[in-house]
Amino acid sequence: MRTIVSMPGDGIGKTVLPEAIRVLEAVGFEANYVNGDIGWDFWIKEGNALPKRTIDLLSEHKVGLFGAITSKPKDAAEKELDPSLKGKGYVYFSPIVGLRQHFNLDICIRPCISFKGNPLNFIRRCDNGFEEPMVNCVIFRQNTEGLYAGVEWTNPPKMVRDALETHPKMKFFKDVASEDMAISTRIVTRQASKRILTAAFEYAKKYGYKNLTLCEKPNVLRETSGMMFKLAKEIAKDYPGIELWDTNIDAQMMWLTKNPENYGVIVAENMFGDIISDGFAGLIGGLGFACSANIGQDVAVFEPTHGSAPKYQELNPSIVNPIAMIMSACMMLDHIGENDKAKKIRSAIAKVIEEGKVRTYDMMKLKGGADVFKYGACSTQQMTDAIISNL
């Protein structure tokens, strides 16, 4: 029997992950679930939001389900540390970013696919009134490099400043004191870029997508985006049935609300991929429907892209939408070869949404709060029950 590392994390992660496991059990997926400690509680108590024991569990079992994480700015994180740990040099670092980098989970896949009947689907005005284009876009986000690599400084040390001064563009900042300067680097490597682009082309080929878009900014970020664009053109030669498009991230954010149905697979660096995947998620109902996979050579972790939303954690019954977490579990099933079970769950979700009898508060465009039930919203558990009843 397979073992899955269950990492609820913070806030509503502790609510939605058990619901996904309920659905997995209902569809007949048999597994042992071992708990992995991760998140803000462990930062406060141990000065480490990603304890080594959790890394060891993933190293052993290879597959993890992750709920959500709370991250706060540097000063706020330091303030919440246990008093016995303050002033000892502990620095908060996002544990999900830590997992991606430790296990080189460099391929992030974020499907943004419309469900028929979802009241939150994107619509646009046309001559005959309104039309609802069905979105079927899958974003491949490079997950370990770019601006999220974490190579940055406030008050850069002299050796860093001296190195940067060798670039002619630094002349603009020559009169800025280092203590008044914060620097982040955008690192893109050929090997990682080639891997994400190849994986995206293979996915497009496997699932019949006719185009692949590289969403970058090579007209300004000439070296980093430029490297990715050159590689994309080289790799595209091996996939003659897939048309290569390229867009700038700013223009893409406009076009995704003009003609989203035109896009199939999109590839981008870490931050741009984060931005564009949230943009497309908004067209299919928001973060309550946004699932993702973080895949490396040996280890894979599956998570919804929403945050921990701690203001909703204490509501009883819970109001949050569990679909993103359940869909993330479907991606896990696909990854380990349980495709039929994943298909059954997705079909059950589609039926619940299309019937429209059971809707969470976000699907009813309500402001979140304990009073949403009087307007007909279902609870988190009731949504899960409806999905299970349609399996």
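The values are calculated or read from the model by the stated rules, or taken from the named source; none is laboratory data. Nothing here was measured: the structure is a model prediction, and the numbers come from that model. Don't worry about glycine lacking a Cβ; one is built from the backbone with ideal geometry, like all the others, and counts go over all protein chains shown.
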Restricted to the stretch 246-259, and to residues that are outside any loop (DSSP other than H, G, I, E, B) and in contact with a Gly (Cβ under 9 Å, 6 or more places away or on another chain), which residue is surrounded by the most Cβ atoms within 10 Å (Cβ to Cβ)? GLN252
Name the one entry in GLY307, GLY286 that is over 11 Å from the mean Cα position of the chain (by Cα) and surrounded by fewer than 18 Cβ atoms within 10 Å (Cβ to Cβ). GLY286
Checked against (1) at pLDDT below 95; (2) touching a Cys at 6+ places or on another chain (Cβ under 8 Å), ALA386 satisfies every condition except (1)
Which residue, of ASP362, ASP385, ASP371, is farther than 27 Å from MET134 by Cα and in a helix (DSSP H, G or I)? ASP371
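Return yes when LYS367 is in contact with a helix residue (DSSP H, G or I) (Cβ under 9 Å, 6 or more places away or on another chain), assigned by TED's automatic domain parsing to the domain that holds GLU19 and surrounded by fewer than 19 Cβ atoms within 10 Å (Cβ to Cβ) and no when it is not. Let's see the steps before the verdict.
Details: in contact with a helix residue (DSSP H, G or I) (Cβ under 9 Å, 6 or more places away or on another chain): yes; assigned by TED's automatic domain parsing to the domain that holds GLU19: yes; surrounded by fewer than 19 Cβ atoms within 10 Å (Cβ to Cβ): yes.
In short, yes.
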Which is of a type outside the set (Ser, Thr, Tyr) and within 25 Å of LYS217 (Cα to Cα), of PRO317, PRO260? PRO260
Exception for SER277 within (1) more than 27 Å from ASN118 (Cα to Cα); (2) in a helix (DSSP H, G or I) falls at (1)
Would you mind finding the one in PHE130, PHE93 that is over 30 Å from VAL352 (Cα atoms), surrounded by fewer than 21 Cβ atoms within 10 Å (Cβ to Cβ) and either of a type in the set (Phe, Trp, Tyr) or touching a strand residue (DSSP E or B) at 6+ places or on another chain (Cβ under 6 Å) (or both)? PHE93
Within the stretch 191-202, identify whether any single residue is β-branched (Val, Ile, Thr) and in contact with a helix residue (DSSP H, G or I) (Cβ under 8 Å, 6 or more places away or on another chain), and answer yes or no. yes
For the structure I just gave you, tell me whether VAL352 is assigned to a loop (DSSP other than H, G, I, E, B) and buried (at least 22 other Cβ atoms within 10 Å of the Cβ). no
Output the residues belonging to the stretch 115-130 that are in a loop (DSSP other than H, G, I, E, B) and either of a type in the set (Phe, Trp, Tyr) or in contact (Cβ under 8 Å) with a residue 60 or more places away in the chain (or both). PHE115, LYS116, GLY117, ASN118, PRO119, LEU120, ASN121, PHE122
Selection from the stretch 2-22 of residues that are polar (S, T, N, Q) and more than 12 Å from GLU303 (Cβ to Cβ): THR3, THR15
Which residue out of LEU24, LEU50 is in contact with a Gly (Cβ under 7 Å, 6 or more places away or on another chain), surrounded by 21 or more Cβ atoms within 10 Å (Cβ to Cβ) and in the same structural domain as GLN313 (by TED's automatic domain parsing)? LEU50
Condition set assigned to a loop (DSSP other than H, G, I, E, B) and free of Cβ contacts under 8 Å to residues at least 40 places away in the same chain, scope the stretch 280-333, selection nearest to ILE55 (Cα to Cα): answer is GLU314
Filter the stretch 231-257 for residues that are touching a residue at least 40 places away in the same chain (Cβ under 8 Å) and over 21 Å from the mean Cα position of the chain (by Cα) and give the result. LEU231, ILE235, ILE242
Output the residues belonging to the stretch 55-73 that are more than 16 Å from GLU303 (Cα to Cα) and not small (Gly, Ala, Ser). ILE55, ASP56, LEU57, GLU60, HIS61, LYS72, PRO73
Which one of these does LYS233 not meet: (1) of a type in the set (Lys, Arg); (2) out of contact with any strand residue (DSSP E or B) (no Cβ under 8 Å at 6 or more places or on another chain); (3) surrounded by fewer than 16 Cβ atoms within 10 Å (Cβ to Cβ)? (2)
Please find, among ASP127, ASP180, the residue that is of a type in the set (Asp, Glu) and more than 25 Å from ILE284 (Cβ to Cβ). ASP180
Residues located in the stretch 341-372, provided they are free of Cβ contacts under 8 Å to residues at least 12 places away in the same chain and more than 23 Å from the chain's Cα centre (by Cα): LEU366, LYS367, ASP371
